[in-house]
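This report concerns only the one structure given below.
Throughout, read-outs are computed from the coordinates displayed, never taken from laboratory work. As the structure is a computational prediction, the values presented were derived from the model and not from experiment. A quick note on method: Cβ atoms are made from the backbone with ideal geometry, for glycine too, and the neighbour counts reach across all protein chains shown.
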Amino acid sequence: MKWRLIYNSGEIITLFKTSDITLTNHNVYESENIEDCFNLIVDLKLNFEFVYNNIKHTFIDGVQKVENIDK
Amino acid sequence: MKGAIFNANNKYGDIFEYDTTGTSVYVETTFSDNPPAVNDRILVGISGYTTSFSGGNIYTYTGLPSGVNKRVQIKTNKIGELGRSIFTIGGTGTGIIGSLDFSRWSKMENTFRVANSPGVNSILMPNPWSGTTSTSYQMSGDIVIVDTGVSNVDLSQFIRYRDLDIYNNPSLTGFTFPNLFSLGRFHNLYNNNLQGNLDLSTLTGVQSRYTFLFYSNPGLTGVTLPSIGPRISGTIANPAVYGFSCNIQGNLDLSPLVGFPVYCSFTNNSITGITFPTYAQMITGPNSVITNGIGLFDFSNNNLIGNLDMSMFKKMYNIIRMDNNPNLTGVTFSLTGTNNFNEIRIDNCNLTGNLDLSTLSGNLGGIFDINSNTNLTGITFSSTNNMTTSGSFPRFYIHSCGLTGTLDMSNISNLNSTFYAYNNTKLTQILHGPSTEKISLFFVFNCDLTGTYDLSMLSALGGNIQIYNNSNLTNILFPTTTEIFNNVGGDLNDSALALGNNDLGYVDFKPLSGATITDSGRIYLSNNNMLSSEVNQILVDFVSIATSNPIGWDYVVLYIGGTNGNPDSTSGGYDGLAAIATLTGATYNWTITY
């Protein structure tokens, strides 16, 4: 299972962990490590919100903020 | 700043004194004759200064040294013969400090008022009154002590008043109340620093049009309420008792209130039980009484223990709140007829077994919130209920309980806005009633929904649908809807349609063909143990939906993998691979993971 980031020039489409097949017209980035996906979102300067291990990661124009949550 | 205001009828020669560090003295009198006749004028003396009355209604003396304490003495002349007089003492910069000394006053009627004087630390009342008749201290108006620095108020010599406005006095720790009066109406005693038990039991004869507002006294540990009789004919409505945000402990005795308050709030205390009167009259309007009724009933954030028996009440409406009572195990209702609520909240308690709401017919809210009662196994609703959209956040919360088996909501119409039933791991079925109202959050995950979940009667279902982790759920019947579906976060379980980790087979999404999935909206169908034929058929249906509504159904992100069978070109007679090619092509721009 790898983390898979689907994105285009304007937005992050989705981020998920899978060993399935993905067909898409958008860009696909894969990594064993979710941090690599987060780093790419920063580099792309895009907006995204994702909760992982009770940590909420919020990206605004590529700037990452993290927040502990009780989800 | 107005230093002090008092209204009274005073007799000739009465003296009033106060201290000031301000630069001016300002005395305003309002007489029935203007300017007052010579014999009606007041005399003002300032220690160390030669003063004299300047005529007219307003006396001003300026140019006093700032910060130097001066004693001001005001001597009434013949004012007592006037029907009404009003004194305004102080004004901007007068800085009244210390004691207001009324101890030589012989008569006080109408209204007594001291306000906006944080430097006033005591008010001395005559004790006893020097007047010769009992009417010398029968106030036809109000006693007002607001925004002062007083620490105690002795009202024991008054035998009558209309309203008590004694609030926003941060140093006020106690009262000495009158022993007898006949006109008491509104008692505004909030935002003081009252300590211990507030004994109001000596206040006999309180009108049916009453309030007791003693909230936000954090040192107040108890209250003894006076007896309030049945309604007096023509009485204006809506009596209230507000004792919230104090530290009231133990049992609260409401039994003296036969004239029961329409509004009753004791939230944020440590109350363990409530004693109700055996017979109550809720006064809702002039000549309008509901026997054994109650309007606002708020005992949230207390420590109610065991079952709260409210069976004496036959009519309730508006708001009932008992949320956040961790030892409350049950509530007994026995209402009659239709009772319309805007808000019912008994969440975060310890409701145990079945909650019988069968006598609560009519509107349940607005807000209906029973969440986080882990020992609550069932709810019995009335045969006629309705949800409204009233309130700032209408919702139906029954999540994180122990609901077991079938929850029959089929007699509740117009479910709307937010429906949370998640984390009921023994809940196998929910039966819904019809609704044409918009639903924007619909969460039924981590339950044990079994077989088919019928949502077809919810014709404005939209927003975010999370029905996952129901391992025995085999089908969902969607309504025909034109609403918009959207993600609420990046997690797969925050998908617009989060339907993964169930046991779904073929699900007919075609009733949603008139709806809109927002761009990058996700449909999560992975890990449902679908057969390849079922996956193929769903994919072919999606092509049909996207073809009929390309604007509403482009740029969708679909997950249909995991434990599901792989799509192929033949299973079930459907070509799933061709469908994927069509959906992920340049026309519809889907992203599909399988």
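The table for this structure:
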| read-out | value |
| --- | --- |
| Per-residue average of Cβ from other chains inside 10 Å of A:6-19 | 4 |
| Shielding by partners - mean other protein chain Cβ count within 10 Å, residues of B:560-571 | 1 |
| Net charge of neighbours whose Cβ lies under 9 Å from the Cβ of residue A:18, counting Lys and Arg as +1 and Asp and Glu as -1 | +2 |
| Potential lengthening between residue B:406 and residue B:336 on full extension [0.36 nm per residue; Cα-Cα distance subtracted] | 22.6 nm |
| Amide N of the stretch B:380-407 lying under 17 Å from the label point, which is placed 7 angstrom from the Cα of residue B:431 along Cα→Cβ | B:380-386, B:404-407 |
| For residue B:271, residues with placed amide H under 5 Å, excluding near neighbours | B:303 |
| Pair residue B:124, residue B:566: separation of 7 Å Cα→Cβ label points (nm) | 10.0 |
| Gain in span if fully extended, residue B:587 to residue B:544, counting 0.36 nm per residue against the direct Cα distance | 14.2 nm |
| Mean separation of Cα contacts under 8 Å, 6 or more apart, over the residue count of the stretch B:340-398: relative contact order % | 41 |
| Shielding score for B:574-585, defined as the mean number of other chain Cβ atoms within 10 Å | 1 |
| Charge sum, other residues only, whose C-beta stays under 11 Å from residue B:175's C-beta, Lys/Arg counted +1 and Asp/Glu -1 | -2 |
| Net charge, residue B:517 excluded, C-beta distance under 12 Å - Lys, Arg +1, Asp, Glu -1 | -2 |
| J(HN,Hα) series, the stretch B:258-273, from Karplus relation 6.51 cos²θ - 1.76 cosθ + 1.60, nearest Hz, glycine and proline x | 5, x, 7, x, 5, 10, 9, 10, 10, 4, 6, 9, 10, 6, 9, x |
| Amide proton proximity set for residue A:52, modelled H, under 5 Å, gap of 5+ | A:57 |
